[in-house]
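The values are calculated or read from the model by the stated rules, or taken from the named source; none is laboratory data. Note that this is a predicted model, so its numbers are computed, not measured. Here the Cβ positions follow ideal geometry from the backbone for every residue, glycine too, while neighbour counts run over all protein chains shown. Ligands, DNA and RNA are stripped out before the accessible areas are found, and what is left, the full protein with its side chains, is counted by its heavy atoms. Shrake-Rupley method; radii C 1.70, N 1.55, O 1.52, S 1.80 Å.
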Amino acid sequence: MVKKRILLLGGTGAMGVYLVPELLKQGYRVDITTRSAGYRSGVNVRYIQGNACDTDFLVQVLASNYDAVVDFMVYPTTEFSKRIDILLESTSQYIFLSTYRVYADSKGPIRESSPRLLDVSEDKTYLETDEYALQKARQEDILRTHARKNWTIVRPSITYSKNRFQLGVLEAGVVVRRSLEGKSVVFPMEMLEKTTTMTWAGDVAKMISRLVLNDSALQEDFNVVTSEHHTWSEVARYYSSNIGLKIRHITLERFLQIYDNPYQVQYDRMYNRRMDNSKVLAATGLEQGDLMSLEQGLRRELQYFLSDPKFSDLHQELNNRMDVFTDVSVQKIRKKLRPRSRIREARSKIRIRNRLKDIKQKTRIRTRLKVLAATRQNAQKDGVILTMNSIFNYGNVAQRYALQTVLKEYGYTFDNVNMPGWYDAVGDEIFGEMRHFVAKYIGGVPYDPDMLQGYGAYIVGSDQVWRKWGDVDWEVYTRYFFAFIKDSQAKRISYAASFGVDSLSEAGIDSSKVDELGELLGRFTAISVREKSGAQLVDELMSAKVSRSSVVLDPTLLLTSKNYSDLIDESKVSDTRTARVFCYVIDQTDEKKRLVQEVAKDYGHDFYILHPRFDREYEPVEWWLKGFRDSDFVITDSFHGTVFAIINHKNFVVFNNSMRGSARFETLLDSMGISKSRLVHSDVTASAIKSMQLIDWAEVDARLEALRGTSLEWLQSALGKK
Amino acid sequence: MYTTDKSAQIVLSLLKQYGIRKIVVSPGTTNVPIAMTVQNDPWFEVYSVVDERSAAYFATGLAYESGEPVVISCTGATASRNYLSGLTEAYYRNLPIIALTSQHHVADRRDLTPQVTDRSVSQNDIKKVSAMLPVVKDTEDFERCETLVNDALIKATTRGGGPVHINLLVDSSYPFTQQPSDFIARKIQYYDDELISHCMKDLKNELKDKKIGVFIGSHRKFTSDELKSIEQFADSYDVAFFTDHTSNYKGKNQVLIAQIFGALRSTNKPDLVIDMGGITGDYDINSALEGIDVWRLSEDGEIHNRFHRMTKLFDSKERRFFEILVGRKNSKHSYFKSLATEADRFIVPEMPLSNTYISGRLAATIPANSNLHMSILNSLRNMNFYPLDKSIDASCNVGGFGIDGPVSTLIGQSMVHEDKLYFGLIGDLAFFYDMNALGIRHVGSNLRMLVVNNNQGVEFRLNSILEGHWGEKTNDLIAATGHNGSVKAWAESVGFRYLSADNIDTFDQQIDEFCSPDVGSFDRPVIFEVFTNTDDEQTAHDLIRM
Ligand SMILES: Cc1ncc(C[n+]2csc(CCOP(=O)(O)OP(=O)(O)O)c2C)c(N)n1
C-alpha cells in the first residue's frame, strides 16, 4: 500500500510541531517546507528548504501532486488570489488556515455561521486595511467563490504551544520573559474580565489531522478550537502559579500608547470570545473531554519551555516601553509624585469619565467658543511648526530648537506643536531635562486640530516626519501632510522633511495610499526635503514629472558652532567636563563599545558613551552638545551626532544604521564633501579609522556656507520676507 | 628540492616531530621523494649504503650505538627483501628501525609491472606493525595516512620499541618544489603512565575550564575502584559522560547519546573529548562530536582514532589515568547540568506498536538487577533512547556486529547467575539465524526472550537514504522480507513458554507478567513474540527522533 502524501507549507511553527507527528500517526508521509535549514528528515518526514511565498519554489514543490496541502503561510490578499489556482489544482484537498479573529463580536458562543467583521463592521478606516482578521476573511471569500471546491477552511483560536504563550495581545517574549526576569507585565485592566478561548496546539493538530482527506470536510469551514473559555484574569492566574507572573494594571488608553496594533485589541481581545466546537468534534469524532484543559496545557508547555527558555522574539521595543512603567526606581519617584494608589486612581478615572459624559453636552458649547478664540489668536502669529515630538531623542530636540531659533532671528513668530505620544506617560525623573529645554527654547501648544486652525503658515519638519513607523494610525501619520487644516488659503510648507529611507515601501507607505498622499502634497505651497532620495519620493507620490521639491539643510546645520557654544556657556553645565572621545549611540552594541575603547587608547583612554535609555534621567541637551564641542573624536550612529561632529570640526566615524535609515547619512556626507569611508560598519577597526584620510574642514565650511545660503533663502521665499 | 607528494610529506613531517634524524638511503627511483628531500634538509643526518642488506644492519649499529631510531629507505624490486635479516635482528633486540619501502602507486604485480613485489604479508618477527600508506587523494586518505604513520612511529619507540614497516606509494611524476615545505602533519602525542605523571600539571591545565565530554564505547563492566577514580575525576573538572547501554557506565554525570544527540539534536558540544572503550552501535555520536579534539585512552596502547581528531594517546590503565589527573574537588558540573536540562525535554511520544515502543516499555518494566541482551542493530538502537535502572547490565554483540549469535550469547550469559533474570530483545532475522541455540540443554528458566518479529530486517526500511531510493523495493533482497514465519512451534517444541502479541493492548497486558521480578514465576524459559509491521516501525522511528 502506498502511503498518502501530505504537504505542509511553512509547517515548523507552533501548530506544525504537533501536526507533523499527528499526521505520521495517521499513517501519512509528510513533507514540510521551511525557510530554515537544520531540520532532520526521517523515513516518512521530509523537510524541504525554501520559502513557500516564493512562487517558483511553490510551483516546484506542488508539482509532485500531494494528496493534501495544509497552508500555514500568511499572504497579502493580492498574493493569495494569484496563487489560489495552482494551490487548488495541485492537490485533492487544500486546507486553508484562517483565524477565529474573522468573527465579529457575538453574545453567545461563536459558531461557523456567526457574522464576520468583514461583513458587518462599520469602521470604514478599518475596512480599508488588510489587517489580519480582514485579510483572512477576504481570502476565505476567494476560496468560497472559486470554481474548484476541494478546499477546507480551518479557524484556530489563540493557540498556545511549546514556545507560544499569550496573555491578551502579549506574547511569550513579554509575558514569560518579564516573569522570569521578575518584572511586572503591564496589562490593560479593562481587558482582564473579557473572555478568551485559548486552544492547545496539540488539540488543533489532532483536529486538523482528522480533517485531512476527510470527505466530509471538503467545501466546509471548521473552528478548530476548544469550547473551554476563561477570562484573561484567570489565564493570568495560571501564569502566576507556573512562572510567577505579576501584573501591573494600567488603563486601556495608556496601554494603547505603548502597543502598536489597536485593531487586534479593539476587534478581538476586547470582545468576549467563546466558541462552539460541535461542528469540528462531529467531523473528527473527537469529544470535548479529549481536549487538553487550559490549566493543564499551560502547565505542561511552560514546564517544557522552562527547561531551556529560548524566545523566538524578544519584543525588545515593547519591553522597553513597559520598563518605564515597572522599573522600581522610576516607580518610587512616581509614587512620591502621585501618592494615590493605582487602582483608586483608575476607579476615580472611570467615575470621572461617566461624569464627563453628562457635562459633555455643556462643554461642547464652551469648546466652540474656545476654538473661535484660539483661531483668532493664531492669526496674530506667523505660523506654527509641526514635527515629531521625540522628547527621548536629542537630535529631534536640537532640530526643533534650530528651526525655531532661525525663524526668530528672521523676525517670524512661530508656535510649536507638542505631539502627544507614549512618552507623555513617562515622568520627569527621566525626561525632566529634555522637557525643561523644550519649554525654555521651543515652547509648545498641545495637538488639537480644532485649536490649530487660523495660522497663516504651517511648517512641517524637519526629522523623519514622512516615514510611516510600524502600524501608526493613518490619522496620526497624515497630520504631517496637514490633513487636518481647514483653511485652504494658509501656506503649507515642508522644511527638510525626511522619509529616512530610499523607497516608499521601506518608508512603510502602501501603494494604495499614494494617491491620497499625492493629493495632500498637492495642496502644499512649498516643499523641501532633507534627502535627495526624499525629493524623488515626493515626486513619486505626486506623480510629478518635474521635480516639485528642493533639498535643504537639516535645521541644525543652519546655525553655527558659535550659536551652540553660546547655548552651552549660558547653561548650568558650562563648566562640567566631558571626554576626549565622545560617543553618542542610539543602538548600543558590544562592537561599538569595543571600538570606542580601542579608539580611546590614543586619547588617554578618556572616553564617554552617551546612550540614552529610558530607565535613567537624561542629561541636559546642552551637556549633549558640549560632548561634541569639547571632544577630539566623535563616534556615533546618529544623524544628528554626525551633524554636530561636522559643525564642531571633529574627527569622527558614524555607524551605518540601516534599520533607522541610511539615506540620510549618505546625503549628508555627500553634500559636505566628506568621504563615505566615514560611514562604517560594525566590523571597522581602530587602525582602519586611524588611517582614514583627514577631513578638509575648509572645504566642508565652504560647502556648508553655500548650502546654508540657499536653504535660508528658500525658507524666506517660502514664508515671504518679513 | 623538496617533495610535494602528500604521503611522503606526512612521513617526513612526523619523523621530525618524533625527533628522528638518522636515515640510511639505498639507491633507487621510487624512494626519490625521500632521498631528494632529506638530501636538502639539514635536519636529517643522511647515510648512503648501496646494498639494502648491509643498510639494515648498518642501521642496527647506528641505532644501538646512538640510542636513536633510524630510518632505512629503499626502492622496489627485491631491495626490501634484503632488509629481512637486519629487521629480524632488530626485532629480537628491540631496536627502533623504521623500514621505509616504496612503490609506484599505479603498480600491481598481477599486471607484471616490473619491480613490484607483494609487501602485504611479511614475517611476524621482523616488524611490530606494517603500515601500507594510501595515495592521498582526499581528506579521508590524508587523515588515514597521518594515523598510520603516527601509529608506526609510536610503536617503533614505545613499549620497548622495535622495527616497524612503512610502505609508501609514490607518484612517478615526482612532484617537488624548490622551497622547503612548511607543512606540518598532525602528531599524536603518546603518553604512558610515566609521561602522564611527568606532564600532569600541563594536562590538568588543559582540562581546566573546558567542557569535557568523556565518550565511552562498549566496555566491560567497570570495577568499583575504576568507578571511584572516574567519579573523582568528574568532580575535579567540568565533565559529562556520553554513553549508551553498552558503555556499562553507571557512575555520575551520565547522558544518553541517543537522547541528547539523536532525538534532541543538541548542539551543546564539549570543548574536548576523552574517548575510551570499544566499538559503539550509537552512530549519532560521530556527527555530534565532529571537529573536536580528542584524547584517546587505550588500555591496549593502540591508536583507535574513531573521530579522526586525536591529539593525544594515553597508554594507561583507565583507573591510573583518572587517578593521576584528579584535581581539586570543585567542579560545578555545569556542562553536565546543561545537558541534563536539555535531556529533560526528551518526551516519549505516543506511538504505534513497534520495536521503539516495545523497548520503551521493556526498559521501564524490566526488574532491577537483571541482565539485558539486545541484538544488532535496531533493538540496540531503540533501547538506547531509554534510561535503564543502574542495577541492570546491558550488552550487545557490537564487537563483530553480527546478527548471527545473540541468542547463543544470551544463553551463555544466563548460565552464570541462575538466580538472575536474563532478558533478550532480539529481531526476527537475528533470532532465526541463531534459533538452534534454544536447543542447548543447559537453558534455564531464568531466560526471557522478547522477539520482535516484523517479518524482515526492518533496519533497512528505517534508513532514510535507502528508503528515499527504493522504498518497498528494499524488501526483496536487502531487508529479506517473508522468510521465517513464527517462533511459536520451535519454541514450544524445545519446552519454552510461548507468549505473543500483535497489538498494543495485548502487548501491554502481558509485558508485566513477562517482566515479573520473581525468577521462579515461570517454570521454563520464556519467549514473547511480538508482531509488528513496517509502517508502524517507520512511524515510531520518526516520532521518537522528532
Ligand atoms: C551475520 C550478519 N549478517 C548480516 C548482517 C547485516 N545486518 C545488520 S542488521 C540486519 C537485520 C536484522 O534484522 P532483525 O534481526 O529482524 O532486526 P530488525 O532490524 O528487523 O529490528 C542485518 C541483516 C549482520 N550484522 N550480521
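Details
- Shape category assigned to the protein assembly as shown from the gyration tensor of Cα positions, a/c cut at 1.5: oblate
- Rough spin-label spacing in nm, given labels placed 7 Å along Cα→Cβ, for B:ASN94 and B:ASN484: 5.1
- 20 Å reach of a label modelled at B:LEU195, 7 Å along Cα-to-Cβ, counting backbone N of the range B:109-140: B:128-131
- Length gained on full extension, A:SER691 to A:ALA483, computed as 0.36 nm times the residue gap minus the Cα-Cα distance: 69.8 nm.
- Shielding of B:343-352 by partner chains, average beta-carbon count, 10 Å: 3
- When the square roots of the Cα gyration tensor eigenvalues are ordered a ≥ b ≥ c, the ratio a/c for the range B:2-179 is under 1.5, which makes its shape rounded.
- Extension gain from A:ARG366 to A:ASP615, taking 0.36 nm per residue of separation minus the Cα-Cα distance: 85.6 nm
- Ranking A:GLN453, A:THR478, A:SER488 by how far each Cα lies toward the positive end of the dipole of the range A:450-499 (charges on Cβ) leaves A:SER488 at the top.
- For the range B:2-179, carbon and sulfur atoms together expose 52% of the accessible surface, with a 1.4 angstrom probe and every protein chain in place.
- Overall, chain B carries a charge dipole of about 1460 debye about its Cα centre when +1 sits on the Cβ of Lys and Arg and -1 on the Cβ of Asp and Glu, all other atoms neutral.
- Peptide packing: for A:517-523, A:75-81, the average count of neighbouring Cβ atoms within 10 Å per residue gives the ranking A:517-523, A:75-81, highest mean first.
- Amide N proximity, the range A:163-177 versus A:THR231 label position 7 Å along Cα-to-Cβ, cut-off under 18 Å: A:167-169
- When only Cα pairs below 8 angstrom with a gap of at least 6 residues are kept, chain B shows a relative contact order of 11 percent.
- Residues with amide H under 5 Å from that of A:GLU220, placed H, sequence gap 5 or more: A:ILE153
- Contact order for the range A:561-712, expressed relative to its length and based on alpha carbon pairs under 8 Å spaced 6+ residues apart, stands at 22 percent.
- Along the range B:54-64 the Karplus relation, 6.51 cos²θ - 1.76 cosθ + 1.60 evaluated at θ = phi - 60°, assigns HN-Hα couplings of 5, 4, 5, 5, 3, 5, 4, x, 4, 5, 4 Hz to successive residues, with x for each Gly and Pro.
- Against the main long axis of the alpha-carbon atoms of chain B, helix B:334-343 sits at an angle near 40°.
- Gyration tensor (alpha-carbon) shape descriptor, the range B:190-343, a/c threshold 1.5: rounded
- Using the Karplus relation 6.51 cos²θ - 1.76 cosθ + 1.60 with θ = phi - 60°, the per-residue 3J(HN,Hα) values for the range A:45-50 come to 10, 9, 9, 10, 7, x Hz, with x marking Gly and Pro.
- Full-extension gain in nm, B:ASP51 to B:GLU350, via 0.36 nm per residue minus C-alpha separation: 100.2 nm
- When each of the peptides B:71-79, B:266-274 is scored by the mean number of other C-beta atoms lying within 10 Å of its residues, the order from highest to lowest reads B:71-79, B:266-274.
- Calculated FRET value between B:GLN115 and B:TYR174, using beta carbons and R₀ = 22 Å, to 0.05: 0.90
- Which listed pairs, of A:LYS593/B:LYS329; B:LYS128/B:LYS250; A:LYS136/A:LYS468, have C-alpha distances above 27 Å, in listed order: A:LYS593/B:LYS329; B:LYS128/B:LYS250
- Whole-number accessible area per residue in Å² for the protein assembly as shown, which is evaluated in the context of all protein chains at 1.4 Å: 43
- Approximating the spin labels as points 7 Å out from Cα along Cα→Cβ, the A:ARG523-to-A:ALA439 distance works out to 3.5 nm.
- Annotation: the antiparallel percentage among DSSP beta bridges lying fully within chain A is about 5.
- Rounded Å value of the spacing that divides the Cα centres of the range B:189-213 and the range B:321-335: 12
- For chain A, the relative contact order is 9 percent, taking Cα pairs closer than 8 Å that sit 6 or more residues apart in sequence and dividing their mean separation by the residue count.
- The loop-placed trypsin sites (Lys or Arg not before Pro) in the range A:234-332, going by DSSP, that have at most 12 neighbouring Cβ atoms within 10 Å of their Cβ come out as A:LYS310.
- Folded to 0 to 90 degrees: helix B:534-544 orientation relative to chain B principal axis, Cα: 70
- Paramagnetic label reach from A:GLU409 (point 7 Å along Cα→Cβ; backbone nitrogen cut-off under 15 Å): within the range A:682-722, residues A:704-716.
- Efficiency of FRET between A:ASN563 and A:ASP428 - r from beta-carbon atoms, R0 25 angstrom, step 0.05: 0.35
- By the rule of a C-alpha distance below 13 Å, with chain neighbours fewer than 8 residues away ignored, the aspartates and glutamates paired with A:LYS107 are A:ASP276.
- Highest mean first, the peptides A:38-46, A:529-537 sorted by other C-beta atoms within 10 Å per residue fall in the order A:529-537, A:38-46.
- Shielding by partners, peptide A:12-21 (average Cβ within 10 angstrom, other chains): 1
- Placing +1 on each Lys and Arg Cβ and -1 on each Asp and Glu Cβ, with no other charges, gives chain A a dipole about its Cα centre of roughly 2220 debye.
- Cα centroid separation - the range A:433-452 against the range A:64-96, whole Å: 53
- Computed 3J(HN,Hα) for the range A:420-431, one whole-Hz value per residue from the Karplus formula 6.51 cos²θ - 1.76 cosθ + 1.60 where θ = phi - 60°, is x, x, 4, 5, 5, 7, 8, x, 5, 5, 9, 9, glycine and proline marked x.
- Loop-located GluC sites (Glu not before Pro) across the range B:299-347 with a Cβ neighbour count of 16 or fewer within 10 Å are B:GLU299, B:GLU302, with loop assigned by DSSP.
- Remark: the range B:355-543 carries a charge dipole of roughly 460 debye about the Cα centre, counting +1 on each Lys and Arg Cβ and -1 on each Asp and Glu Cβ.
- The mean number of partner chain beta-carbon atoms within 10 angstrom of a residue's beta-carbon across peptide B:535-541 is 5.
- Inter-site label distance for A:GLN288 and A:HIS681 at 7 Å from Cα along Cβ, in nm: 5.8
- Taking amide hydrogens as placed 1.01 Å from N in the peptide plane, the amide H of B:GLY217 sits under 5 Å from those of B:MET276, B:GLY277, B:GLY278, each at least 5 positions away in sequence or on another chain.
- Pairwise centroid distance, computed over Cα atoms, of the range B:375-434 with the range B:12-63, Å: 53
- Of all accessible heavy-atom area on the range B:460-546, the percent that carbon and sulfur account for (1.4 Å): 49
- Here chain A exposes an accessible surface that is 49 percent carbon and sulfur, computed with a 1.4 Å probe and the other protein chains kept in place.
- Under-5 Å amide H pairs with B:VAL526, H placed in peptide plane, nonlocal only: B:LEU447, B:ARG448, B:MET449, B:ARG497
- In the protein assembly as shown, the calculated helix contribution to ellipticity at 222 nm averages -11500 deg cm²/dmol per residue, counting -39,500 (n - 2.57) for every DSSP H run with n ≥ 4.
- FRET efficiency, B:GLU140 to A:SER240 (Cβ-Cβ, R0 56 Å, nearest 0.05): 0.45
- Each Lys or Arg adds one and each Asp or Glu subtracts one; over the other residues with Cβ under 12 Å from the Cβ of B:PHE460, this totals -3.
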